[in-house]
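K.L.:
Quick one: the structure is below, and I'll ask about it shortly.
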Amino acid sequence: MRKLLFFLVVAFVATGFCGVARASHLLVVDPVKITAVADSEVDLGVVGPGQKLEIVMMRETGEDAKRITYAQEALWDKVFVARETLPLGWSAEDAKFYEQPMHAFVTVANDADDGVYYFKLRTLDEYEGTPAIEVAAKVRVSRELLDAYLEQKTLSVGVGQPALYYLHLGSKSSASDALAVSVRGLPSTPSFTQKTFLRHNSETVLPLELSETERGEYALAFKAESLSSPLIYKEDKGTLVVLSSLWNDMFAVANGILLFPSAEQPIHAGLGLIARLFG
């Protein structure tokens, strides 16, 4: 009798665990990795005003298909962003039918205040009998999402020679974004701008080549700004020292022939060759 009772308890517990293991769920793989069950909460991280958040999910439901004769895991056919749960001014795009993985998009309002916001994701299984589930998605809105700093703040070069700055960029956002990187402070190039793409929660180093045709010391302002919203930006300061020297002048010889008298042209060419050989 005791053995029978023991086996019944073991069978009951095992059945219970199997039921939990096969409970329907939504597997989110980006920007976070989490398995969400019905009525649970998924923290998608932090995003900024105007940014477009991409949510990537797998089709597997975690349940057996009920409307086919052979054993197979049921698949979600679509995931909807419940529009009635979106904060005011936000917009969304549902995942496409039958895509694997599934991609849904939520765009934050341009004027969204910093704070915590929620919306819901709703699943659909058209043919295999898995009941729909809803999952609450949580995001935090912040403007403090970018890091931007120069690896070397001061460079010295000759007149007309290139100065190569390396700008370190980092994103704390769960949304990938395009950035406009601008440099101000040079008389010859007052509106230098370069665009780049920064994946969510990642870092990169952007090389920026600058030059100036006049001697002097120039205070430079480097600014990285999100193309989604001007409210998301970061700045750093640098200095460019432009020098004129015999050595730099010798390098410049190779850029063109000056109007020397013919007797001095061999000297002119020789100085350029020396600079190239030993520079």
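K.L.:
Mind checking the dipole of the stretch 25-141: about its Cα centre, +1 per Lys or Arg Cβ, -1 per Asp or Glu Cβ, Debye to the nearest 20?
P.N.:
The dipole magnitude comes to about 80 debye.
K.L.:
Shifting gears a bit: Hey, got a sec? Which trypsin sites (Lys or Arg not before Pro) in the stretch 181-242 land in a DSSP loop and have at most 15 other Cβ atoms within 10 Å? Let's see the in-between values first.
P.N.:
Working: sites: Arg184, Lys195, Arg199, Arg215, Lys223, Lys234, Lys237; in loops: Arg199, Arg215.
Sparse-neighbourhood loop trypsin sites (Lys or Arg not before Pro): Arg199, Arg215.
K.L.:
Also: Over 22 Å between C-alpha atoms is what I'm after, so list which of Lys33/Lys138; Lys120/Lys234; Lys96/Lys195; Lys138/Lys195 land there. Intermediate values should be presented prior to the final figure.
P.N.:
Values: Lys33/Lys138 14 Å; Lys120/Lys234 32 Å; Lys96/Lys195 30 Å; Lys138/Lys195 30 Å.
Beyond 22 Å between Cα atoms: Lys120/Lys234; Lys96/Lys195; Lys138/Lys195.
K.L.:
Could I ask something else about it? Compute the signed sum of charges (Lys and Arg +1, Asp and Glu -1) over the other residues within less than 13 Å, Cβ to Cβ, of Arg122.
P.N.:
Values: positive: Lys78, Arg83, Lys120; negative: Asp39, Asp77, Glu84, Asp94, Asp125, Glu134.
So the surrounding residues net to -3.
K.L.:
How large is the translational diffusion coefficient of the stretch 96-229 in µm² per second when you combine the Kirkwood radius over alpha carbon pairs with Stokes-Einstein at 25 °C and 0.890 mPa s?
P.N.:
It comes out at roughly 133 µm²/s.
K.L.:
What number, in nm² with one decimal, is the all-direction average of the projected area of the convex hull of the alpha-carbon atoms of the stretch 25-141?
P.N.:
6.6 nm²
K.L.:
Let me ask something else. How far is it, in nm, from the label point at Asp111 to the one at Val205 when both lie 7 Å from their Cα along the line to the Cβ?
P.N.:
Placing both labels 7 Å beyond Cα along the Cβ direction yields 4.3 nm.
Rule-based calculations on the coordinates, nothing more; no lab input. Every value quoted in this text rests on a predicted model; they were computed, and no experiment measured them. Please note: Cβ atoms are built from the backbone with ideal geometry, for glycine as well, and neighbour counts cover all protein chains shown.
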